[in-house]
1. In segment 223-235, is there at least one residue being at pLDDT below 95 and open to solvent by less than 30 Å² (accessible area, probe 1.4 Å)?
2. Just checking, how many residues over segment 67-98 are touching a strand residue (DSSP E or B) at 6+ places or on another chain (Cβ under 7 Å) and over 20 Å from Ala128 (Cα atoms)?
3. Restricting attention to segment 211-222, report how many residues are open to solvent by less than 70 Å² (accessible area, probe 1.4 Å), in contact with a helix residue (DSSP H, G or I) (Cβ under 9 Å, 6 or more places away or on another chain) and part of a helix (DSSP H, G or I).
4. Could you check, for segment 23-36, whether at least one of its residues is open to solvent by less than 30 Å² (accessible area, probe 1.4 Å) and assigned to a loop (DSSP other than H, G, I, E, B)?
5. Of everything in segment 106-127 that's touching a Ser or Thr at 6+ places or on another chain (Cβ under 9 Å) and not aromatic (Phe, Trp, Tyr), which residue is farthest from Phe188 (Cα to Cα)?
6. Take Asp44 and tell me if it is open to solvent by 40 Å² or more (accessible area, probe 1.4 Å) and of a type in the set (D, E, K, R).
7. Check segment 272-291 and report whether any residue there is under 27 Å from Lys45 (Cβ atoms) and either under 19 Å from the mean Cα position of the chain (by Cα) or part of a helix (DSSP H, G or I) (or both).
8. Among the residues in segment 140-152, are any closer than 18 Å to Leu79 by Cα, charged (D, E, K, R), in a loop (DSSP other than H, G, I, E, B) and open to solvent by 20 Å² or more (accessible area, probe 1.4 Å)?
Amino acid sequence: MAKKSAGPQPTPWREVPELLRLPPGKPVDLASYDPRDTPVGPADKAAGLAATAETAPLLAGLQERLFAASTAGDRRRVLLVLQGMDTSGKGGTVKHVIGLFNPSGCRIRAFKSPTPEELEHPFLWRIAKELPRAGEIGIFDRSHYEDVLIARVRELAAPDVIERRYGQINNFERSLADDGGVTLVKVFLHISYEEQRRRLLERLDNPDKHWKFDPGDIEDRVLWPDYQRAYETALERCSTDAAPWYLVPADRKWYRNWAVGALLLAHLEALDPQYPPGDFDAALCRDRLLSMG
């Protein structure tokens, strides 16, 4: 991840994808990325909150244009994939970033352990069912990557099965981008071991947060090095030109929210959806309406 240049102005959001993108096919060493870093954009919380607020009307406007274009046959849609260790902020991102959109144009899916029915099908079956429709913005809180992450760490599938899944994921995502009109924005929320501990303690110390705590999260901390290696492999093997991965430092919640919002804004702006023209005589309709009193 490139460092931002000195100066009072934050880097425009259209530059964010290039600066947070993990190079396709290159080895990934998560230890080399600081989870508290602010590599591009606002450098402090006040500036970050202000910048996030400024993007809200831009995101809402582009979402409306994307949905409007779909009514005229435009098949394009956006899929935000959020992955990260427990407490990295997947739910918080949905709340603070996706909350800037019109919920009627969003399709949010949180993937848990596969159901018995889902286990009877190929692992991508349940994913394909939940893809956003034309004009929608889809959000996956966890995703098909669980099948090469927890499945690898917990040995829920044979090594050769997991090995094949990387290629299957790449083919699936390429087909979505090439034939399905899907713009994939895959974000890895990079949290530190120490920050996760602090957030878990916050949940334990506040009875109102106990519903968010799972004792299994403590067990997963024992496997932290294994999960980091699993993520490094997935990020390396499945960051492609068609569907790159973006690494967002997630120890600072305000920065996480700004960065994900900036990534979505840059991709929507690149799509540049347009309002479709009306198929009626607007002047005639106006005159008729006025004549009715």
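1. So far as segment 223-235 goes, no, none of its residues is at pLDDT below 95 and open to solvent by less than 30 Å² (accessible area, probe 1.4 Å).
2. 8
3. Total meeting the criteria: 3.
4. Within segment 23-36, one or more residues are open to solvent by less than 30 Å² (accessible area, probe 1.4 Å) and assigned to a loop (DSSP other than H, G, I, E, B).
5. Arg126
6. yes
7. Scanning segment 272-291 turns up no residue that is under 27 Å from Lys45 (Cβ atoms) and either under 19 Å from the mean Cα position of the chain (by Cα) or part of a helix (DSSP H, G or I) (or both).
8. Yes: segment 140-152 contains one or more residues that are closer than 18 Å to Leu79 by Cα, charged (D, E, K, R), in a loop (DSSP other than H, G, I, E, B) and open to solvent by 20 Å² or more (accessible area, probe 1.4 Å).
The values are calculated or read from the model by the stated rules, or taken from the named source; none is laboratory data. Being a predicted model, the structure only gives us computed values, none of them experimental. Every residue, glycine as well, gets a Cβ built from its backbone with ideal geometry; the counts of neighbours run over all protein chains shown. These area figures cover heavy atoms from the full protein model, side chains too; ligands, DNA and RNA do not enter into them. Shrake-Rupley method; radii C 1.70, N 1.55, O 1.52, S 1.80 Å.
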